[in-house]
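The values are calculated or read from the model by the stated rules, or taken from the named source; none is laboratory data. As the structure is a computational prediction, the values presented were derived from the model and not from experiment. When we count neighbours, we look across all protein chains shown, and the Cβ atoms used for this are built from the backbone with ideal geometry, even at glycine. When the accessible area is computed, the model is the full protein with side chains, heavy atoms only, and any ligands, DNA or RNA have been set aside. Shrake-Rupley method; radii C 1.70, N 1.55, O 1.52, S 1.80 Å.
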Amino acid sequence: MDDDSRQARWERRTEIPLSLASGLFLAAYAVLVLGHTLPVVWRQACLAVMLAAWALFGVDYAVRWRLSGQRLGFVRSHPVDTLALLLPLLRPLRVVKVYEAVQRHHGEPRLSLHARVVFYAGLSAALLGFAGSLAVYQQERGAPGASIRTFGDSVWWTCTTLTTVGYGDVVPVTPIGRTIASVLMVCGLALLGAVTGSFSSWLLQVFASEDENDKLRVRERPPGS
């Protein structure tokens with residue numbers, strides 16, 4: 001049975017708008033970081049969009065906290081939401097929930113569990129990698145002795161970090177850049193583990209189904225055939 005509490009109704013109503021706001025936040029941040037030659041007015045507009053989106057995230061968090069009636073228990077039971085409020089670059093990961101919200105709204109059949117895990121993990125990795133690349137590039141591009149001087153360098157470094165390859169040809173040298181690197185390493189391991197586990201589970205189900213079908217065919221085979 002679906003949860004029909006006030007908090008659940010609020011979350012269902014705000015899921016898509018907040019996901020769109022998360023996408024706008026990431027887009028504005030990308031323009032702000034990459035648009036070195038943009039006029040000041042455009043950069044200020046991007047900053048205004050980011051602050052407005054961040055304010056919406058704060059209002060949503062406060063409303064859900066109020067509706068939950070848990071007080072400090074809400075913070076303990078929603079660590080990811082709390083972290084995303086403090087680090088709004090993680091908020092674009094909410095975009096992966098748009099698919100679920102649209103499917104629920106139209107009542108259409110959803111992807112299988114394994115397909116959803118792979119889809120969400122892949123989209124999360126892409127969004128997290130893009131956000132991480134922007135954040136690292138912003139911190140590293142002007143740092144003394146930095147090897148990450150272009151956005152392309154940052155994207156390459158993020159790919160090797162998320163995939164846990166770590167060539168070491170380009171590395172962050174600033175404290176914030178290394179902190180971002182640590183977060184990406186942990187997230188990379190988690191996402192790879194989710195995809196690998198889902199794929200392994202799918203293979204086991206396929207092999208188990210084939211074995212069951214073979215046993216049924218043996219039982220149904222006429223004697224002496």
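Expressed in nm to one decimal, what extension gain is obtained for the pair ALA48 and LEU123 from 0.36 nm per residue of sequence separation less their Cα-Cα distance?
Numbers: separation 75, 0.36 × 75 = 27.00 nm, distance 2.67 nm.
Full extension from ALA48 to LEU123 adds 24.3 nm.
Work out from phi, with θ = phi - 60° and the Karplus expression 6.51 cos²θ - 1.76 cosθ + 1.60, the ³J(HN,Hα) of each residue of segment 56-73, listed in order in whole Hz, and give x for Gly and Pro.
Each residue's phi maps through the Karplus curve to give 5, 4, x, 5, 4, 4, 5, 5, 5, 4, 5, 6, 5, x, 9, 6, 5, x Hz.
How large is the accessible surface per residue of segment 7-77, computed with a 1.4 Å probe and reported in Å² as a whole number?
Details: 4270 Å² over 71 residues.
Here the residues of segment 7-77 average 60 Å² of exposed surface.
At a 1.4 Å probe radius, carbon and sulfur cover how many percent of the accessible area of segment 1-43?
Working: 1830 of 2860 Å².
Its accessible area is 64 percent carbon and sulfur atoms.
Stretched out fully, how many nm does the piece from TYR167 to ARG66 gain, at 0.36 nm a residue minus the Cα gap?
Working: separation 101, 0.36 × 101 = 36.36 nm, distance 4.68 nm.
Between TYR167 and ARG66, full extension yields an extra 31.7 nm.
Just order 27-34, 7-14 by mean Cβ neighbour count inside 10 Å, highest at the front, would you? Don't skip to the end; give the middle numbers.
Numbers: 27-34: 17.5, 7-14: 15.0.
Result, highest mean Cβ count within 10 Å first: 27-34, 7-14.
Under the Karplus relation 6.51 cos²θ - 1.76 cosθ + 1.60, θ = phi - 60°, what is the ordered set of whole-Hz ³J(HN,Hα) values for segment 12-27, x standing for Gly and Pro?
Calculated HN-Hα couplings, in order: 5, 6, 9, 4, 5, x, 5, 5, 5, 5, 5, x, 5, 4, 5, 5 Hz.
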